[in-house]
Structures are given as structure tokens and as C-alpha cells.
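Notes to accompany the following structure.
The values are calculated or read from the model by the stated rules, or taken from the named source; none is laboratory data. As the structure is a prediction and not an experimental result, all values here were calculated from the model. All Cβ positions, glycine included, derive from the backbone under ideal geometry; neighbour counts span all protein chains shown. Note: accessible area is taken over every heavy atom of the protein model, side chains too, but ligands, DNA and RNA are not part of it. Shrake-Rupley method; radii C 1.70, N 1.55, O 1.52, S 1.80 Å.
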Amino acid sequence: GVKLLLHGLCSNTTVKSLDLKGNNLQAVGAEALGKLLRQNKSIRSLILEWNNLGVWEEGFSFFCQGLGANNFLQRLDLRNNQINHQGAGELAMALKQNASLQELDLRWNNIGLLGGRALLNCLHSNKTLKRLELAGNNVPSDILKAVEQAMDHNQDRQTILSETQNRASLLIKEVSSLKDEKTKQFLDLMDTIDKQREEIARSGRMSAARVSQLQEALDEQQSIMNSLKAKLQMTEAALALSEQKVHNLGELLNATKQEQNSMAERHFAELQQQKQEGADREGKLLRDLSAASEKNLLLRNQVDELEQKCKIQQDQLFQVKQDLTNTTAELKLRAVQAEERLEMEKRRFKQSLEDMESLRVKEVHRMTQHLEASERSMQDRIQRLETIRIALEEELSQLKAAALTERGQAEEELIKVRNQARLEEQQRLEHLEEKLRLMTEAWDEAQNCCLKQKQMVAEAQAKANQLSLHADGLRRRLEELQQDLNTKEEEKVTEVNKVKVELQEQIGRLQAERTAQDGLREKIAALERQLKALSSNHREALLDKEGEISMLLEKLRMKEADISRMREEEAQRASFLQNAIMAYVQGSPLGAHSCRK
């Protein structure tokens, strides 16, 4: 029945816990359990108490193979199953392969000393088991203590791994947030540059519209001049007034040219200011990156110091090993001398043993104190590293706040510059409107004068030829002025093209700086990966050292057991010698004579 049940559960994906306590499972049931553990991926808890699985060695070995291949079971109860030291060895082999089991209950079996040692040896490779119950198995107390220490080490390892994973996730989130902020800042800069380009294009369009208006005004003035030329043949006064008007128009053209030049200079100054602001911001970003690199160097130095301290601790452990070997050699020599001088120096040997015991107790006490001091120092270092991490997080928050404030200030400055430009454009428009109004008034006055001067046409016919020559000169001057205007317009176009080229160069520089920043980000990520690898290696080295320390403690315990065994043997030998001496004394003639008396 159990075989059929377990065969049906092999493909089940919903059952999480299975209790088969007290079902007298035999070899077939053990083999079915091994098959279940190989195929099932949902069972997390398995209770097999009171089933005598240890009696069937082949079935139990198949069960252990299935346990080694399973990576989903977390709790296993094997109480009261008559498991001997061979079954414990097979369980140890399965635990070396298993990477998911966290609780194993083996109470009230027949594991013994050999089985306990096998389980203890497997715990050096298994780092997931948190709880192992071995009560009622005739396992020595020192092995039980070593198993408890191994369980504590596994729990500490898992807590440390969880903490490191959480810290790594937090650091990854912070780095991603910093990258997002930097990309946002770069996009904001690009938006501001685009807006400035649009403003420059608008100002160019406005200037072109103004130039077209001025050209229209000039065309109108040329038509006026043509009408005046026809009238100048009739009056000298009209020609004089027209010359004055032409002179005024030339002054107005010069004034407009000067205003256009001043506008171009102002635009150029604004562009230079924007370039300086972009350079300042880039310098600030470079300074922040240099500060982050310095912090990374400090962290590297701290990691190197920790590695040096670990090397010093390894040297100290090597020295302790040498001291232990020397003490064992001395103990062996003294044991040989004690065997040779048993008859003469029993009391001295006992005193020397007591002295050695006191020295050993002192050495063990000193070693424990040294280990506690090293653990405290490591805890202090860990706390210091955490404080450093907190300080780095605070500095990151401060940098974020500073970047936000700078961004707000830049936006305020842009708003102020835009408002000033709008005010200046409004003032210029008002000034031009006033000039147009004055021109219209002058035109009305000129018409009135022409009406007055029609009466003097007869007197001005003699001077018409001279005035025509003078008019030709004025035409030449107008043509020269038009050529000057065309040349200045071409210069403006070239300046605008130069500004465009400079803006494109600035954009290329910004893109190059962006690529450089991406390279720096990649370098920072590589440094963070190196730091993680160094921290993981350091932790693995610490765990290996803890395993070596546990092995040394086990060796000390074994040596203490050997010393106690030697004491018992020496006491037995002394008792044998005393009995032999008494028997010899009683069997000698002196003993017989004393007995007769």
C-alpha cells in the first residue's frame, strides 16, 4: 500500500508535508521513498518516525541516494529507526550532496561514535543544515558539542549571506537611482540647449523680419525720391529739403545698423555666459566623480588592511599549531622517561602531570581569550564598515539635494534671462514705432512744403541741370549704401553660421563627455563587483579559519583523551607493580620468616 501511495505522489505538485510515522516500512518502502525524493519537487517536510528503516541496509542506502539527489526537502524526521553507524555514514554522504535540508532529527537510534564522526565530517561541506538532533545515540559529548558549533556556524553563514544580499540589492538600487538622476540632468541640459536654439532661431527670424521692413521702408523712400526728383526740376528748395530728408534717413539707417550690431553682441555674450555655465556644471560633475573614486580607493585600502590582519591571524594560528606539536613531542618524551623511571619517581611523575595539566588549562584559557578578542575586533571592524556605509549614504543624499538646488537655480536664471530679453524687445519695438511716427510727420511737412514751392517753379528751371547732376551723385551714394547693407547682411549670415557651428561643436563635446561618464560608470560598477568579490573571498576565508579552529579544538580534545588514557594505563601499571612486589615479598624467605614469627 505504501509503495502505491508513494508512486502516486511522485508526480504530485501540491502536497507539502508527508507523515508516515509508525507504518513498518520495509526495504520496498525505503526504495519507494528514495524514488519519491528523486522525482518529487513539492514536499518540504517528511516524517518517518518508528519505521525501522535502518534494519534494511540496501533499502536505506537507496533512500539516502534519493535524499542526496533531492534539492527541495527542508525537514526530515528519522527518530527510532534503528540506524547504525553504517546508515549514519550513508546519511553523511547524502548530506554532502544535498543543498536544501535544514532540519534533521536522528534521536533514539544506534549511530554511536563512528556514525557521529561521519556526520560531523559531512558538516564541513554542508552549509544549509541548521538543526541536527543526535540525542539517545551513544554519541560522545565532544562530538555533540562540535555538531552544535557547526550548526551555529551554518546559521551565522546564512544570516551573513542574507545580509550581504540585502546590502547588494540596496547598493544596486542606489546606483540605478544615481544613473537615472544623471540621465535626467543630461536630458534637462539638452532640453535647455534646444530651447536656446529655438530662441536664437526666433531672434534671427525677428531680425530678418525687421530687415525686410527696413527694406520696404527704403523702397518707399526710393519711390519718394523719384517723385521728389521730378519735383526738384521745378524747385531748389524742394531739393534741399529732400537732401535733408535723405541725410536723416541715412542717420536712421546707421542707427538701425548700430542697434543690430549691439543685438548681435548681446546674443554672443549670452551664448558665452551659457557656455561658461555648462563648463561650471561639467566641472562640478567631474569633482563629484573624483570624490566617488577617492571613496572607492579608501574602501580598497580598508579591504587591504583587513586582508593583512587575516594574514596575521593565520600566522598566529600557525604558531599555535607549532606550539601544540612541540608540547605533544615533549609529552611523548616525558611519557617514555616515566615508563623507564616508574619504580623510582612515581611521586615526581604525578607532580609533573599536575603541572602539565595546569599549563594546558592555562594555554586553553589563553587561546579562548585570544579567540574572543579576535572575534570582538572583527565585530568592531564590521561596525566601522557599517558606519562608513551610512556616511556614504548620507553624502549621496546631500549630493542629490545639492543637484536639485542647482537645477532650481538654473531654471530661475533662465526665467530671468527670458524676461529681460522680452523687456528689451518691447523697448526696441516702442523705439521703432516712435521713429516711424516721426517719419510720417516729416513726410506731411514735406508735402506741405512742396505745395508751397509749386509757385516758384519758373524760377528753378535754370538750376535744374545742376540739380540733376547732384541727383546722380545721390543715386550713386544710395547704391553704395545698398551694397554696404548687403555686405553687412552677409556678415550677419556668416556670424549666425559660425554660432551654429560652435553650438554643434559644444553638442559633440557634451556627447563625448557623456560617453566618458558612461565609461566612468562602468568602471564604478567594475570596482563595486571587485569589492563584492573581495568581501565574499574574505568571508569564505573567515569561515575556513573557523573550520580550522574547530578542527584544532577537536584535536585538543583527542589529545586530552589520549592523556587520560595514558594516565589510566600508568595507574594500572603501578597497581600491577605493587601487586607483583607484594607477591614477591610474600613469596621470598624473608616474608615466610616474618609470617612464622
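Points worth noting:
- Added length on full extension, which subtracts the Cα-Cα distance from 0.36 nm per residue, Leu469 to Ala373: 23.1 nm
- The lysines whose alpha-carbon is closer than 29 Å to the alpha-carbon of Lys3, local same-chain residues fewer than 8 away aside, are Lys16, Lys21, Lys35, Lys41, Lys96.
- Hydrophobic long helices, here whole DSSP H runs in the chain with Kyte-Doolittle means of at least -1.0 and Cα atoms spread over 24 Å or more along the helix axis, are found at 141-232, 236-340, 464-587.
- Cα centre as origin, Lys/Arg/Asp/Glu Cβ charges: the chain dipole, Debye: 2680
- Distance violations [Cα-Cα > 21 Å] among Lys257/Lys416; Lys309/Lys555; Lys362/Lys555; Lys195/Lys416; Lys179/Lys416: Lys257/Lys416; Lys309/Lys555; Lys179/Lys416
- Normalised by the number of residues in the chain, the average gap of Cα pairs under 8 Å and 6 or more apart makes the relative contact order 9 percent.
- Beta bridges per DSSP, both residues in the chain: antiparallel share near 0 percent.
- Kirkwood-type radius of the range 2-139, with distances r between different C-alpha atoms, in Å: 14.5
- Each residue, Val361 and Ala541, gets one label point 7 Å from its Cα in the Cβ direction; the gap between the two is 3.8 nm.
- Greater than 18 Å apart at Cα, pairs in Lys130/Lys545; Lys127/Lys545; Lys311/Lys545; Lys311/Lys559: Lys130/Lys545; Lys311/Lys559
- The heavy atoms of Trp50 present about 140 square angstrom of accessible area, all protein chains included, probe 1.4 Å.
- CD proxy at 222 nm, helix term only [per DSSP H run n ≥ 4: -39500 (n - 2.57); per residue of the chain; nearest 500]: -31000 deg cm²/dmol
- Accessible area in the full protein assembly, largest first, 1.4 Å probe, for Thr183, Thr440: Thr440, Thr183
- A simple spin-label model places the labels of Asn497 and Arg418 3.2 nm from each other, with each point 7 Å out along Cα-to-Cβ.
- For the range 63-197, the extents of the C-alpha atoms along the principal axes are 88, 30, 19 Å, listed from largest to smallest.
- Treating r as the C-beta distance of Gln165 and Met93 and R0 as 25 Å, the FRET efficiency rounds to 0.25.
- Each of Gln244 and Lys195 was given a label point 7 Å from its Cα along the Cα-to-Cβ line. The distance between the two points is 5.2 nm.
- Kirkwood analysis of the Cα pair distances in the chain returns a hydrodynamic radius of 36.0 Å.
- Computed lengthening from Glu568 to Gln337, 0.36 nm per intervening residue step minus Cα-Cα distance: 81.5 nm
- Multiplying the residue separation of Gln427 and Leu527 by 0.36 nm and subtracting their alpha-carbon distance yields 30.2 nm.
- Ser262 accessible area, 1.4 Å probe, all protein chains in place, Å² to nearest 10: 40
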